1. When all alpha-carbon pairs of chain A are counted, what percent fall beyond 35 Å?
2. Under a Cβ-Cβ cut-off of 12 Å, what is the net charge of the residues other than B:V92 that fall near it, where Lys and Arg count +1 and Asp and Glu count -1?
3. How would you order A:222-230, A:205-213 from highest to lowest mean count of nearby Cβ atoms within 10 Å?
4. Arrange the following residues from fewest to most other Cβ atoms within 10 Å of their Cβ: B:I253, A:I146.
5. Among the listed pairs A:K9/A:K199; A:K182/B:K247; A:K9/B:K82; A:K80/B:K80; A:K80/A:K237, which have their C-alpha atoms separated by more than 24 angstrom in this model?
6. Given an 8 Å cut-off on Cα distances and at least 6 residues of separation, report the relative contact order of chain A as a percent.
7. Taking every residue in A:111-119, how many Cβ atoms of other protein chains lie within 10 Å of its Cβ, on average?
8. Starting from the amide H of B:F30, placed 1.01 Å from N in the peptide plane, find each other amide H under 5 Å away whose residue is 5 or more places distant or on another chain.
Amino acid sequence: MLEIRAVSKTFNPGTPNELRALQAIDLTVNDGSFVVIIGTNGSGKSTLLNAVAGSFFIDSGAISLAGADLTRWPEHRRAKLIGRVFQNPFSGTAANMSIAENLALAAYRGKPRRLGWPLGHALLSQFRDRVRQLNMGLEDRLKNPIGSLSGGQRQALTLLMATWLRPDLLLLDEHTAALDPKSADQVIALTDTIVRRDKLTTLMVTHSMQQAANLGDRLIMMHRGRIIQDFQGAEKKRIRVDDLLARFEEVRRAELLDESAAEMLRRVYV
Amino acid sequence: MSLLLGALTVGFIFSLVALGVLISFRIFAFPDITADGSSTLGAALAAMLLVHNVNPVLATSAAFVGGFLAGTLTGTLATKFKINGLLAGILVMTGLYSVNLHIMGRSNISVLGSSTLSTYAERVGTALTRNNTLNVMGWEITALEASLLMASFLFIVLAGCVMYVFFQTNLGTAMRATGDNNEMVRALGVNDENMIILGLGLSNGLIALAGAFITQYQGFADVQMGIGMVVWGLASVIIGEALVGTKQLGLTITGAVMGSVLFRLLVAIALRLGLNPNDLKLITAVFVFAALVTPGLLKRFKTLKPRSSHA
């Protein structure tokens with residue numbers, strides 16, 4: 001179970017660029033729940049994922065996962081419990097190293113790195129089997145540098161790497177946003193398969209309303225560092241793309257109203 | 001002939017510097033210039049211990065440990081204290097100058113009277129040949145020269161193999177991945193800061209080892225001897241990459257050794273032809289500069305050409 005308690009984060013505090021990215025976020029995610037997060041640009045959805053992953057320390061609040069308080073854990077220590085796929089296909093793999101070496105790095109996620117030999121026969125044949133299941137023809141190219149692959153292939157491999165050892169939490173940060181539509185569909189299908197098969201607790205940030213409506217069992221909408229909507233269970237199942245777009249339009253109008261009201265007040269009183 | 005043998009031997013010894021630079025500059029993409037200080041540190045430690053009749057193997061190992069610690073210091077400054085990598089190297093290198101003077105007690109020490117790895121090698125060489133001179137294709141060479149060359153060659157082969165195997169282990173793979181993509185290795189549970197610290201330690205350990213060997217080869221240590229080591233190593237690595245490419249780890253290691261030997265040979269020939277030794281470092285620096293900018297210039301030249309033909 002992931003518990004996020006009153007988590008706040010402000011970037012560049014006390015400067016003109018001050019950004020209150022997370023404002024007292026509370027969120028509890030049950031084991032095996034697949035949560036999709038959507039929101040306007042700068043709403044704090046990626047920041048929330050990075051806060052959980054430990055890319056930075058939060059200003060206040062607490063984060064716990066699988067019974068452990070992660071709040072002060074450095075990023076590499078949290079990786080023992082958390083698997084991640086990034087938006088940028090270049091971020092999740094080491095381009096100059098082979099597919100097999102990348103997978104081997106992932107097969108030891110969170111374990112001490114000693115002088116043992118990473119690429120044993122058993123592991124290599126496991127790699128070949130699992131890579132074959134991707135249906136990308138990569139199983140015979142395990143020795144090729146990963147940098148020679150397409151973005152879609154790299155994201156599929158990163159997903160495989162993040163889930164090679166079953167993580168207590170899977171974080172997907174717009175992991176199909178940089179892909180062409182066909183590759184994006186492939187990676188999404190793979191995501192759905194893996195998450196269902198391993199019953200992974202998952203947080204997925206996306207820009208695609210289609211994905212938000214179709215995937216997961218819970219949908220969270222963020223705006224200006226807060227969670228403004230939380231659809232679960234039957235309510236989540238009923239959600240259609242149009243409903244989401246309508247909700248976004250509401251948010252946008254409210255924002256316009258804020259601004260025009262402020263403008264009016266300024267004209268009257270200042 | 002003796003000049004050739006000397007150049008080869010020094011080339012092999014200095015290829016340890018090339019291997020060290022390969023680790024810091026290429027594997028970690030970390031511009032570590034601690035080397036100028038750590039090579040002298042290795043020389044100073046070895047010389048001081050040898051003068052006090054410490055076993056040469058022990059003295060040489062101490063040089064490696066000293067260099068290793070210097071490297072971890074640079075790594076710690078750069079990672080834990082977030083100091084710019086170049087500046088961290090400069091700080092440690094500058095500090096080491098005083099440390100080296102303290103170790104040696106004066107600006108240079110002779111080890112000619114002590115038993116060193118060179119005297120070991122000579123004893124083995126003389127025992128094997130039962131003679132003081134050898135006849136190779138009509139040239140008379142001394143057993144000392146031949147045995148020093150063989151010893152340095154064998155050591156470099158050993159060091160290269162150990163390095164090749166090490167960088168394929170779990171630890172070594174994690175280190176290479178750190179240089180490639182540190183965001184990824186953190187996400188896979190590797191403490192990338194510790195990897196950099198350890199990597200720079202190994203790099204400078206090898207470089208200090210070169211200092212210790214060269215001291216025993218030439219018979220003295222000098223506090224100035226480390227100046228230009230980084231550029232030397234970089235030149236060797238660049239020549240090596242031109243010779244064998246950068247695709248495979250094993251090839252890059254071999255290339256760095258070959259680059260070092262070839263560079264030393266070229267230098268020996270140039271000196272023989274009357275090059276002023278004072279110009280050597282300037283020429284090395286210009287060479288590295290040229291090697292760094294030429295690929296970019298060539299690319300720009302190639303992309304410019306078709307455009308101008310359309311105009």
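Every number here is computed from the coordinates shown, using simple stated rules; none is lab data. From a predicted model like this one, the values you see are computed outputs, not experimental measurements. Glycine also receives a Cβ, built like all others from the backbone with ideal geometry; neighbour counts cover every protein chain displayed.
1. Details: 7893 of 36315 pairs.
The answer is 22 percent, as a whole percent.
2. On the way: positive: none; negative: B:D32, B:D36.
Net charge in that neighbourhood comes out at -2.
3. The packing order, highest mean first, is A:205-213, A:222-230.
4. B:I253, A:I146
5. Exceeds cut-off: A:K9/A:K199; A:K182/B:K247; A:K80/A:K237.
6. Details: 456 pairs, mean separation 69.0, N = 270.
Normalised by residue count, the contact order of chain A is 26 percent.
7. On the way: counts 4, 5, 15, 4, 6, 3, 5, 7, 3.
Average neighbour count from other chains, rounded to a whole number: 6.
8. B:F25
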